Amino acid sequence: MDEMDFKTKFKISGQVLQNLFEGGNSPLSEHFLRWKLWSKWRDLMGTSIADMSEPVGYSDKKLYVYVKNPTMMHHMYFLKNNMVRKIQKDFHPHFINDIVFTLDRKKVPSSEIEKDKIKDSLSSILNKDRD
């Protein structure tokens, strides 16, 4: 196989995986979308909001966003509905329904819960492969 064939097949495989994860049919799609939202936060929200905030958790279609100070948090409450609509329009229409702002990074769903969800997702995928 020459190098061009390899690169073409690699690109096609990458596109298949991305479509699988983004489509919502895979047990890992939620985790992929969460990672993708984190990485696109600055592009979606703009520099001024992204400099003062950071997504820190996700659970049951709620996005938990750490805000650096109470003044900015108060301001973001007024922008909340616009932020949700922006994410639904420009990122994914069904990924979040609500945003919860916090000044405390610890007041988000436990990472243990997320670890358990990932383990369950991987177990179900592995069990399907064995059948």
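The values are calculated or read from the model by the stated rules, or taken from the named source; none is laboratory data. Everything quoted here is computed from the prediction, not taken from an experiment. Using ideal geometry, Cβ is built from the backbone for each residue, glycine included, and neighbour counts are taken over all protein chains shown.
Taking (1) touching a residue at least 40 places away in the same chain (Cβ under 8 Å); (2) touching a helix residue (DSSP H, G or I) at 6+ places or on another chain (Cβ under 9 Å); (3) not in a helix (DSSP H, G or I); (4) not acidic (Asp, Glu) in turn, Lys86 satisfies each apart from (3). Does Gly14 fit the bill of being at negative phi, within 14 Å of the chain's Cα centre (by Cα), at pLDDT below 85 and surrounded by fewer than 11 Cβ atoms within 10 Å (Cβ to Cβ)? So Gly14 does not fit the description; no. Just a yes or no: is a residue in the stretch 89-102 in contact with an Asp or Glu (Cβ under 6 Å, 6 or more places away or on another chain) and either closer than 22 Å to His31 by Cβ or not β-branched (Val, Ile, Thr) (or both)? There is no residue in the stretch 89-102 that is in contact with an Asp or Glu (Cβ under 6 Å, 6 or more places away or on another chain) and either closer than 22 Å to His31 by Cβ or not β-branched (Val, Ile, Thr) (or both).
Okay, residues lined up against (1) closer than 21 Å to Phe32 by Cβ; (2) crowded, with 17+ Cβ neighbours inside 10 Å; (3) of a type in the set (A, V, I, L, M, F, W, C):
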{"residue": "Ser59", "(1), (2), (3)": "yes, no, no"}
{"residue": "Tyr64", "(1), (2), (3)": "yes, yes, no"}
{"residue": "Met73", "(1), (2), (3)": "no, yes, yes"}
{"residue": "Leu79", "(1), (2), (3)": "no, no, yes"}
{"residue": "Lys89", "(1), (2), (3)": "yes, no, no"}
{"residue": "Pro93", "(1), (2), (3)": "yes, no, no"}
{"residue": "Asp98", "(1), (2), (3)": "yes, no, no"}
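When the stretch 28-57 is limited to residues that are of a type in the set (Phe, Trp, Tyr) and under 15 Å from Gln88 (Cα atoms), the one that is surrounded by the most Cβ atoms within 10 Å (Cβ to Cβ) turns out to be Trp41.
Would you confirm, using the coordinates I've provided, whether Val56 is at pLDDT 95 or above, out of contact with any Pro (no Cβ under 9 Å at 6 or more places or on another chain) and not in a loop (DSSP other than H, G, I, E, B)? In short, no.
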